[in-house]
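Asker: Would you mind keeping the following structure in view while I ask a few things?
The values are calculated or read from the model by the stated rules, or taken from the named source; none is laboratory data. Keep in mind that what you see is a predicted model, and the values were worked out from it rather than measured. Here the Cβ positions follow ideal geometry from the backbone for every residue, glycine too, while neighbour counts run over all protein chains shown. These area figures cover heavy atoms from the full protein model, side chains too; ligands, DNA and RNA do not enter into them. Shrake-Rupley method; radii C 1.70, N 1.55, O 1.52, S 1.80 Å.
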Amino acid sequence: MSECKLCLIRDMAEKADIYEYVKKTRAMLHASEKASDELYEERLKHCTGCDSLLSGTCLKCGCYVEIRAASKAAHCPISKW
Ligand code: SF4
């Protein structure tokens, strides 16, 4: 599997199975816990411009950023969002 600096899981064809997990996890969040689509995309923009992103994983916290960003209450470990 290739590593892609600055890629999200959704951008990596070889991680389609993990992306299904990401989508299911996001869909399971209660509406009150879920970041809006706008907030979610804004957060992911920060991640795709961040040196700590590697193949969809944040090297600061070890999370898939597309899951971390989905929760309204979550935050970036280095306060980028
Ligand atoms: S959560 Fe923060 S530190 Fe991690 S990749 Fe995104 S912007 Fe970078």
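Asker: Of the residues in the range 21-41, how many are among the hydrophobic types (A, V, I, L, M, F, W, C), in a helix (DSSP H, G or I) and out of contact with any Asp or Glu (no Cβ under 6 Å at 6 or more places or on another chain)?
Answerer: 3
Asker: Out of the range 62-77, which residues are part of a loop (DSSP other than H, G, I, E, B), open to solvent by less than 80 Å² (accessible area, probe 1.4 Å) and farther than 15 Å from I9 by Cβ?
Answerer: Listed by number, the residues that qualify are A74, C76, P77.
Asker: Could I ask something else about it? Anything in the range 43-58 that is without any contact (Cβ under 8 Å) to a residue 12 or more places away in the chain and either within 6 Å of the ligand (Cβ to nearest atom) or not charged (D, E, K, R) (or both)? List them, or say none.
Answerer: Hit for the range 43-58 is T57, nothing else.
Asker: What are the pairs with Cβ atoms under 6 angstrom where one residue, in the range 1-20, is part of a loop (DSSP other than H, G, I, E, B) and the other, located anywhere, is of a type in the set (D, E) and at pLDDT 95 or above? Sequence gap at least six, or different chains.
Answerer: Listed pairs, sorted by first residue: L8/E66.
Asker: Let me ask another. From the set of residues in the range 29-56 that are among the polar types (S, T, N, Q) and more than 17 Å from P77 (Cβ to Cβ), which is least open to solvent (accessible area, probe 1.4 Å)?
Answerer: S55
Asker: I need every pair where a residue in the range 59-81 that is near the ligand (Cβ under 6 Å from one of its atoms) has its Cβ under 6 Å from the Cβ of a residue that is open to solvent by less than 70 Å² (accessible area, probe 1.4 Å) and among the hydroxyl-bearing types (S, T, Y), sequence separation at least 6 or different chains.
Answerer: Qualifying pairs under 6 Å: K60/S52.
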